[in-house]
Amino acid sequence: MAPRKNFPEGFFWGVGHSAFQVEGSPRDSDWREWTHTKGKIADGTDAEKATDFWNRYEEDFVLARELGANCFRLSIAWERIEPEAGCYDEEALDHYIKIVASCRAHGLEPVVTLHHFALPLWLAREGGLCAEGFAERFGAYAGRVVARLMQSPTSVRWWMTFNEPLVMVNMGYLIAEWPPGLKSPALAMKAAKNLVRAHFQAVEKIRALGGDLQVSIAQHWRDFQPRRFWNPLDYAAAAYLNHVFNRNFVKALMTGRNSWWMPGARERLEILVLPQGRPTLDYLGINYYGRMIAVSTARAPFLTVEEGPGPKTDLGWEICAPSLVKVLKDASRFGLPLLISENGLADAADTKRGDFLRRHIEAASEAIALGANVIGYLHWSLTDNFEWAFGLTPRFGLVAYNYDTAKRRPRDSFNVYRQMIEDE
Ligand code: IFM
């Protein structure tokens, strides 16, 4: 391993979370409806209370500051801002202004995601990601929010349009474990294409506002490796997944070439005009959770993925820090600054998180030594939160959250991360 200390001046050390997972008191969204549909959430819980971040944000910013963090990633709940089509809730916007101002007041640079999985229910009813006009609606919402949050004293500079767009497509339109719960390659490809269009609409609106704003997405990026090194079909499966899951979305945002293909479905190439003649990403957020082993199969869809053989998190996901070096090197080929916008694990006993942090931060350092322009590391997550179809059971927090007493308690790994930040 390369020695640490490669981290440049001004490196972002931080944590992240998303609105639906922590805020509590959710408004009507596809995810709220999903959590209240019997059998959809593994442990039968919901996000009605979550960690009550909506009211207790200050407590979390104090904790993040104690950690030594200088950056905090959070998201805006679209369903709060636009509870009905075209009707904006100014009070909700004002509340986010307060949250972001408090974040800044605690010395934390806010990184704000405009959409992190949940959709307003009215939009889900119109067809969600596949709705006619989805892109324009998202563009209008994004322009509105960014215009407001640019105002002093909030002045958010770092934005993300979408979190993990292809995870949403995969889970919602192929695996059917998330809303809208479909298994349709044709709709999956349509949704992916629409998400690219929506990002373009948003960037156009955001760039028209002027100012030195930095816009990106948070891309879930896996290291796909062939299972049988002697099998060319496993190689092809890994290469295809690397193309379609990791690179194609980012490539479309960089070039405007928006085309999607998977066995059984195709969305024709369209060429989108780059707003202000520039690629639509100013930096790239990388959410890294591990590698996946790709295996070719004889029957459609002709490939499958499985976990590698290494140690596992509470959710059975393999822990694999060396692949982070590879992912960062690979993502560097787009020539953008890279922000590790998520990296973490479910570990209720907190026996693995400290070592996980050390190894992944060392991997980031090694990637920097090899030339990757990494500008920050944001651990997922500060507190335990609602983990989508798994519910409240998985514990991703550096800080344990007691859902009965609403108490936050830093775990030992909180101190490991704090020490690592202090040592840099
Ligand atoms: O909790 C999620 C987050 O919302 C998106 N990225 C992965 C995390 C862990 O599964």
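Working only within region 297-322, note down all residues that are more than 21 Å from Gly14 (Cα to Cα), surrounded by 16 or more Cβ atoms within 10 Å (Cβ to Cβ) and small (Gly, Ala, Ser). The answer is Gly308, and nothing else.
Within the bounds of region 245-255, is there any residue that is within 19 Å of Val215 (Cβ to Cβ), more than 21 Å from the chain's Cα centre (by Cα), away from the ligand (no atom under 16 Å from the Cβ) and surrounded by fewer than 18 Cβ atoms within 10 Å (Cβ to Cβ)? Yes, region 245-255 contains a residue that is within 19 Å of Val215 (Cβ to Cβ), more than 21 Å from the chain's Cα centre (by Cα), away from the ligand (no atom under 16 Å from the Cβ) and surrounded by fewer than 18 Cβ atoms within 10 Å (Cβ to Cβ).
Candidates in region 320-356 are the residues that are without any contact (Cβ under 8 Å) to a residue 60 or more places away in the chain and polar (S, T, N, Q); of these, the one that is farthest from the ligand (Cβ to nearest atom) is Ser332.
Elements of the type strands (runs of 3 or more DSSP E) sitting completely within region 211-330 and holding at least 1 residues that are in contact with a Ser or Thr (Cβ under 9 Å, 6 or more places away or on another chain): these cover 214-220, 223-226, 265-271, 284-287, 291-296, 303-306. With respect to Ile41, is the statement that it is within 16 Å of the ligand (Cβ to nearest atom) and at pLDDT 95 or above true? So Ile41 passes the test.
Being within 22 Å of Glu59 (Cβ to Cβ), of a type in the set (Lys, Arg), more than 15 Å from the ligand (Cβ to nearest atom) and more than 19 Å from the chain's Cα centre (by Cα) is a property that does not hold for Arg359.
Among the residues of region 176-217, the ones that are among the aliphatic types (A, V, I, L, M) and within 16 Å of the ligand (Cβ to nearest atom) come to 2 in all.
Of all residues in region 74-125, those satisfying the criterion of being within 21 Å of Ala47 (Cβ to Cβ), within 16 Å of the ligand (Cβ to nearest atom) and aliphatic (A, V, I, L, M) are Leu74, Ile76, Ala77, Val112, Leu114, Ala118, Leu119. On the basis of being modelled with pLDDT of 95 or more, of a type outside the set (Phe, Trp, Tyr), surrounded by fewer than 18 Cβ atoms within 10 Å (Cβ to Cβ) and touching a strand residue (DSSP E or B) at 6+ places or on another chain (Cβ under 6 Å), does Arg418 make the cut? For Arg418, the condition - modelled with pLDDT of 95 or more, of a type outside the set (Phe, Trp, Tyr), surrounded by fewer than 18 Cβ atoms within 10 Å (Cβ to Cβ) and touching a strand residue (DSSP E or B) at 6+ places or on another chain (Cβ under 6 Å) - is not met.
The set of residues in region 146-175 being more than 15 Å from the ligand (Cβ to nearest atom), part of a helix (DSSP H, G or I) and closer than 10 Å to Ala188 by Cα consists of Tyr173 alone.
Checking Met150 against (1) surrounded by 15 or more Cβ atoms within 10 Å (Cβ to Cβ); (2) farther than 20 Å from Lys205 by Cα; (3) in contact (Cβ under 8 Å) with a residue 24 or more places away in the chain, which test does it fail? For Met150, the failing item is (2).
Sub-9 Å Cβ pairs linking a first residue in region 364-382 that is within 27 Å of Asp52 (Cβ to Cβ) and within 15 Å of the ligand (Cβ to nearest atom) to a second residue that is assigned to a loop (DSSP other than H, G, I, E, B) and of a type in the set (Ser, Thr, Tyr), at least 6 apart or interchain, are Trp380/Tyr289; Ser381/Ser18, ordered by first then second residue. Residues that are outside any helix (DSSP H, G or I), out of contact with any helix residue (DSSP H, G or I) (no Cβ under 8 Å at 6 or more places or on another chain) and more than 12 Å from the ligand (Cβ to nearest atom) within region 393-424 comprise Thr393, Ala400, Tyr401, Asn402, Tyr403, Asp404, Thr405, Lys407, Arg409, Glu424, listed in sequence order. Considering region 59-73, the residues that are closer than 14 Å to Val111 by Cβ and of a type in the set (A, V, I, L, M, F, W, C) include one that is surrounded by the most Cβ atoms within 10 Å (Cβ to Cβ), namely Phe72. Once region 367-414 is narrowed to residues that are over 23 Å from the mean Cα position of the chain (by Cα) and closer than 20 Å to Ile286 by Cβ, the residue that is surrounded by the fewest Cβ atoms within 10 Å (Cβ to Cβ) is Gly371. Could you list, in sequence order, the residues of region 218-233 that are within 12 Å of the ligand (Cβ to nearest atom) and touching a helix residue (DSSP H, G or I) at 6+ places or on another chain (Cβ under 7 Å)? Within region 218-233, Gln219, His220, Trp221, Arg222 qualify.
The values are calculated or read from the model by the stated rules, or taken from the named source; none is laboratory data. Values in this document were obtained by computation on a predicted structure and should not be read as measured data. Neighbour counts are summed over all protein chains in view; Cβ atoms, including those assigned to glycine, are modelled from backbone coordinates with ideal geometry.
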